[in-house]
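Note sheet for the following structure.
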Amino acid sequence: MRRLPVVCLSMSLLAGSAGSQSGHTVSPGSVVVAGQAHWDNWVFSAGTLAIDEDGVRPRYWRTNTNAVHDILENLRFNPPASLKKDPEEIVLLDAVDAGTNREDVVNLFDGDLTTYWEPAPPSGSARDLGLQWWFTVDMGRTLIASKIVLRFVDEDLGDPFQLFDVMVSDGQKPIKAIASESIDFTRVYQTLHPNMNQRVIEIDLANLPLEQRRKRLVRLVQVVVNGSGLEKGREISREEFELLRQEAPGDTGVVEYTKLLSTGGELAVTRGTYDQLEESRRGPVRYFRRERPRLAELEVWSDGDDIFKETLTRGGSFRHTTTHVLGAADLNPQILLDGTIESYLAFNLAASGLHDASFLVDLVADLGSYFWIEGKRMSLNFRAGEHAWTFGGFAIDFSDGTREIDGSLKWERVVENDGLPQRTATSGLIHLYDFSFEPVKARFFRLQYRRAGKNEYPANVVAYVGDMQLIGQGYQPQVELTSDLIQLGGSRNLTTIEWDADTPPGTRVQLQTRTGNTLDTLLHYFKADGTEITEAAYNKIRIKSQKGDIVPEEVAGSDWEPWSEPYEAASGSAITSPSPREFLKIRATLLSGDPGVHATLKSIEVNFSDPVANSLRGQVIPSRVDSLGVERGFFLLVDIEDQGNPFNELLLVPPAGMQLSFDPLRESVFAGSSSLLEEGGEAGNQELDGVVVVASGDSLHLSFPEVPSGTEVVRVDFRGTLYSTGGRLQALLRGSGDGLWQRVDEKVTRTSLQVVAQPERKKLFGELAVNPPVFSPNGDGVNDEMTLDFTLMLVGASTAVEAEIFDLGGRRIRLLEEQRSVSAGAYSIPWDGRDEAGDLVPPGMYAVRLRLGSDTDGSGVEDREVLRTVALTY
């Protein structure tokens, strides 16, 4: 499975052959990505996606989780030094210790109520039971626990513990015995009377009073059994005892004989004594089943999945705005993420000699991906010490990556605390949590705290931060994955991209492409343990056995273009990355505006064909016009490099707000040599006869006789009317064989196919006319309606155009409105002489006001509205 940061290795494919290339399959005419085997080989930030045969989807970040299921992962993430094992060698048994039957403790984590931990019969005095009947579980990291649950087996399988304690520890040693090997445990539950029947014990830690909140920090859980019925677990009948002796002799307990006392009581005696008693002195004989103390499950419920934990693995980072960490020149964020509070960073809160006034210090984290942050589950853990304090004034902010005008991150403040620092030495460890704010989408986290001014705090006011935890919620709002290098087996004309995805309301899938013809080689250096390091660090290793492999990776070369704009149509979108090209990469982004829903990307298919030529590069002349709404002549020059197939069709798609036309009697198409590069260079080149206009207007589609191989340049004359500020003219060529278009790229610069308006006057309306100026809506078929003919310019968005009809008294009698997806262009708005109620208006003069339906203040246009008159008669 591919994760960031990892090495990306690409496998080449013979040109023209079909086969698998790790994260995709190349077949004749298409690239297909489908199935878990493909998605596993794409590159993405570690731990951000879930992949199976149904496709790829964002990871779900859990709240209120049973953390025993994460023990092994936690131990391998940050192995305790005492284990002395490589992460992959660690097993679940490494997390437990016990006074007896240690191997069975792992049964407490399997979710099966028929498996259990049962302590072995005690040796020695029963008073020493607690020294033998105990177990300890290492959760692998310090948790913010909300409850602990013990589930005993059902009655037919065994018994609950009678007298027992439940202890927790955050992993620290006692403050007064810091040099000791012992761990400081705190009791969170104790039975005061024998528990004979309760089989589920829930210990609430979430609602502890403030002075006991340290108990919520749980690294170790210990259960100690202090009392047991042992051989007198439960009294049964003689018949049951005899049956038990036959079927399960190991579960039989003692037989108790008694004699009756004169006081009315009973006294337990031996069998021999009982047999010698007179019948009247013999008391009851009692039969017992052995106690079977069997714990089936241990649950430790935490606030949820910690986002901070894998920040560095995802490629995230931490930084400070000032150098203030005591005892370290550089910040080591692993100390804050290692799940222990034994390691810590010291933050000096007192003034330095350079600053008289207080100032703010920022700790900023790039989380390495996008998350929904749960608003009530965040913690900062402060370690105790001789001069240990908590932060005073501090704030917590999040950012989704949006930038301010100056380029800095735009932050949303969710927590602000104006309090003073508090000592932690007397109360052990203080943790702050349960900040209340609505869930937010975030990529960046900022802790901003105040450092005091001169004489404001005493010297040596230091906050020891041992751990930070941030809980995610639901499916990630934005995740990104990138294909491995796709080698197309030669230069290919990329035509369309399509994909299959489930996108519930509020979700979407966004695909982009990059293409290129060259590759560079990037070398990755590894230590013998598999850790990637820099080349300089690799060269400093003197012991050869400590050096690992040097792995080459093929990466995009210098001719690769940036990522394309996102494609819109899943059923098939035209590829906009430069083509034809030999290499391709695809980037997919899964987006959601709701933590409860997600998109699933199932498959992708990119279609390609053999190209018309290895390169088509074009230029439109002129590229700038000085007036709008005026038809003028243009010509397109297309340089052809290594033409492979004949072509006979051209498609021109203008920018929004531009109309194209071609008159075969006036315009021409030429094909030939490079002399066509200059206007008027028709001589010595072939003018193509039989040019047919397939479509014109919003696009221009021409067909003509086949242009043979070896042609260097094609020139197309056409006419166009620009109503907007302009944009890129798309040009495409294709042959009659496969019906697939090949895009023409820019010839000289990125603006070679741009048509831009630079009018001297900014006019919205042009060529306005009322036709006819006098009309008679009497139904005789002659001049029954008036049309308002005009052109609208400088407007690209979908904006309504309004024509209001007023009588001479200034009363509006009719509103005529037209709205298009692209507003600029020619209009003809009719009026039939009727008012809003549908009645014919009286004869007379009427005023017509033409304007846009949106606000144009500040746009600099001269004619934001235009007035005309019209006469109506019968």
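The values are calculated or read from the model by the stated rules, or taken from the named source; none is laboratory data. Computed from a predicted model, the values in this text were never measured in an experiment. All Cβ positions, even for glycine, are placed from backbone atoms using ideal geometry, and neighbour counts span all protein chains on display. Each accessible area value is taken on the protein alone, full model and side chains, heavy atoms only, with ligands, DNA and RNA left out. Shrake-Rupley method; radii C 1.70, N 1.55, O 1.52, S 1.80 Å.
Name the residue farthest towards the positive end of the dipole of the chain from the options P646, F635, L360, assuming +1 on Cβ of Lys and Arg, -1 on Cβ of Asp and Glu, about the Cα centre. With unit charges placed on the Cβ atoms, the residue in question is L360. The slack between D502 and V285, meaning 0.36 nm per residue of separation minus the straight C-alpha distance, is 70.9 nm.
Set the Förster radius R0 to 56 Å, insert the Cβ-Cβ distance between Q510 and A248 as r into 1/(1 + (r/R0)^6), and round the FRET efficiency to 0.05. So the FRET efficiency works out to roughly 0.30. The accessible area of R214, taken with all protein chains in place and a 1.4 Å probe, comes to roughly 60 Å².
Per-peptide packing, taken as the mean over residues of other Cβ atoms within 10 Å, places 271-280, 110-119 in the sequence 110-119, 271-280 from highest down. Take every Cα pair under 8 Å whose residues are at least 6 apart in sequence, average their separation, divide by the length of the range 74-139, and the relative contact order is 34 percent.
For H193 and E155, what does the FRET efficiency come to when R0 = 22 Å and r is the distance between their Cβ atoms, rounded to the nearest 0.05? Walk me through the numbers on the way to the answer.
Details: r = 19 Å, r/R0 = 0.87.
Result of the calculation: an efficiency of 0.70.
With the simple model of a label 7 Å out from the Cα in the direction of the Cβ, D112 to V841 spans 8.7 nm. Residue separation of E278 and A695 scaled by 0.36 nm, minus their Cα-Cα distance, works out to 137.9 nm of gained length.
Rounding to the nearest 20 debye, state how big the charge dipole of the chain is about its Cα centre with +1 on each Lys and Arg Cβ and -1 on each Asp and Glu Cβ.
The calculated dipole for the chain is roughly 3000 debye.
Keeping all protein chains in place and using 1.4 angstrom, which order do W301, W61 fall into by accessible surface area, from largest down? All intermediate terms of the calculation are to be shown ahead of the outcome.
Values: W301 65, W61 5 Å².
Greatest to least solvent exposure: W301, W61.
A simple spin-label model places the labels of E817 and N517 5.3 nm from each other, with each point 7 Å out along Cα-to-Cβ. Geometric descriptor of the range 446-537, per residue, is 341 Å³ (volume of the convex hull of the Cα atoms). Take 63-76, 527-540, 487-500 and order them by the average number of nearby Cβ atoms within 10 Å per residue, most first; the result is 487-500, 63-76, 527-540.
Positive end of the dipole of the chain (Cβ unit charges, origin at the Cα centre): among G339, G720, S668, the Cα lying farthest that way belongs to G339.
Any idea of the accessible area per residue across the chain, 1.4 Å probe, to the nearest Å²? Write out the running numbers ahead of the final one.
Working: 40460 Å² over 874 residues.
Result: 46 Å² of accessible area for each residue.
Would you work out which of N66, Y464, N207 lies farthest towards the positive end of the dipole of the chain, given +1 charges on the beta-carbon of Lys and Arg and -1 on that of Asp and Glu, about the Cα centre? Result: Y464. Each DSSP beta bridge with both residues in the chain is either parallel or antiparallel, and the antiparallel ones are about 95%. Given that just one value was derived from the coordinates, which of (1) 53, 45, 29; (2) 50, 36, 30; (3) 77, 35, 31 is semi-axes √(5λ) of the Cα gyration tensor in Å? Checking each listed value against the structure points to (3).
The slack between N778 and E561, meaning 0.36 nm per residue of separation minus the straight C-alpha distance, is 71.8 nm.
Solvent-accessible area of the chain (1.4 angstrom probe, protein heavy atoms only): carbon and sulfur portion equals 48 percent. Ligands, DNA and RNA excluded, the heavy atoms of R814 present near 50 Å² of accessible surface to a 1.4 Å solvent probe. Computed about its Cα centre, the charge dipole of the range 189-313 is approximately 380 debye, with only Lys, Arg, Asp and Glu carrying charge at their Cβ. Do you know the relative contact order of the chain, to the nearest whole percent, from alpha carbon pairs under 8 angstrom that are 6+ apart? About 10 percent, as a whole number.
Here the range 695-724 is scanned for amide nitrogen atoms under 11 Å from the site 7 Å beyond the Cα of S736 along Cα-to-Cβ, giving 704-707.
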